[in-house]
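The values are calculated or read from the model by the stated rules, or taken from the named source; none is laboratory data. Computed from a predicted model, the values in this text were never measured in an experiment. Cβ atoms come from the backbone with ideal geometry, glycine included; neighbour counts cover every protein chain shown.
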Amino acid sequence: MADTHGPLKQTEFKVELDGVNVPGFIEVELPAKRTKEIEYREGNDPGHNRKLWGDTQYDDLILVRGANKENETLYDWRKTVEQGKMEDARKNIAVIITNEVGDSVLRFEFSKAWIKEYQPPTLNSHAGGGQANLATEQYVITFDEMDRKNV
């Protein structure tokens, strides 16, 4: 019987683009979320700065998948960006962490996302066995907002 309690496993996840499952991802790097720190002092303040918060900033979302000819969804999305069709290129993407029985548990949603960088596979005829010999492609995605939700 699967353990549905405790910490989630990093190997159980899925990716949705505008609500549609996109299969084949072997790695997802969720972005860090941080808020800028602003220091200030007023004329009669003690000899140290006070700290306030400023803008919230996000790193990029990075998706890695095995290269194949069957699923062109992300590459077609990238081509929309290259063609300058930003209204069509801004999409909502979600990364869902599931438990061992496949139930969605934790959802990261990214709004108005678009692919800013595509890295094709690095090829190596001397690669070893296993996952090291997979031809993978990487998509670097930027977005306006990130939201973490319990499902």
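Check Asp60, Asp55 and return the single one that is charged (D, E, K, R) and surrounded by 11 or more Cβ atoms within 10 Å (Cβ to Cβ). Quick ask: steps written out before the conclusion?
Details: Asp55 fails: surrounded by 11 or more Cβ atoms within 10 Å (Cβ to Cβ).
So the residue among Asp60, Asp55 that is charged (D, E, K, R) and surrounded by 11 or more Cβ atoms within 10 Å (Cβ to Cβ) is Asp60.
State whether the residues of the range 80-99 include one that is surrounded by 16 or more Cβ atoms within 10 Å (Cβ to Cβ), charged (D, E, K, R) and either over 20 Å from Leu30 (Cα atoms) or at pLDDT below 95 (or both).
Taking every residue of the range 80-99 in turn, none turns out to be surrounded by 16 or more Cβ atoms within 10 Å (Cβ to Cβ), charged (D, E, K, R) and either over 20 Å from Leu30 (Cα atoms) or at pLDDT below 95 (or both).
Can you name the residue in the range 128-140 that is surrounded by 13 or more Cβ atoms within 10 Å (Cβ to Cβ) and modelled with pLDDT under 95 and, of all such residues, is farthest from Glu82 (Cα to Cα)? Lay out the reasoning, then the answer.
Taking the range 128-140 as the starting set, the residues that turn out to be surrounded by 13 or more Cβ atoms within 10 Å (Cβ to Cβ) are 134-140.
Next, from what is left, pick out any that are modelled with pLDDT under 95: 134-137.
On the way: Leu134: 27, Ala135: 23, Thr136: 21, Glu137: 17 Å.
Among them, the one singled out is Leu134.
What's the number of the condition Glu109 fails, among (1) free of Cβ contacts under 8 Å to residues at least 60 places away in the same chain; (2) loosely packed, with under 15 Cβ neighbours inside 10 Å; (3) of a type in the set (Asp, Glu)?
(2)
Anything in the range 83-142 that is among the small types (Gly, Ala, Ser) and not in a strand (DSSP E or B)? List them, or say none.
Initial filter on the range 83-142 (among the small types (Gly, Ala, Ser)): 84, 89, 94, 102, 104, 111, 113, 125, 127-130, 132, 135.
Across the range 83-142, the qualifying residues are Gly84, Ala89, Gly102, Ser125, Ala127, Gly128, Gly129, Gly130, Ala132, Ala135.
Restrict the check to the range 17-40 and report whether at least one residue is under 13 Å from the mean Cα position of the chain (by Cα) and exposed (fewer than 11 other Cβ atoms within 10 Å of the Cβ).
Yes, the range 17-40 contains a residue that is under 13 Å from the mean Cα position of the chain (by Cα) and exposed (fewer than 11 other Cβ atoms within 10 Å of the Cβ).
Considering only residues that are among the charged types (D, E, K, R) and either more than 19 Å from Leu106 (Cβ to Cβ) or free of Cβ contacts under 8 Å to residues at least 60 places away in the same chain (or both), which ones fall in the range 28-56? Steps first, answer last, please.
The initial filter retains those residues of the range 28-56 that are among the charged types (D, E, K, R), namely 29, 33-34, 36-37, 39, 41-42, 45, 50-51, 55.
Glu29, Arg34, Lys36, Glu37, Glu39, Arg41, Glu42, Asp45, Arg50, Lys51, Asp55, listed by residue number.
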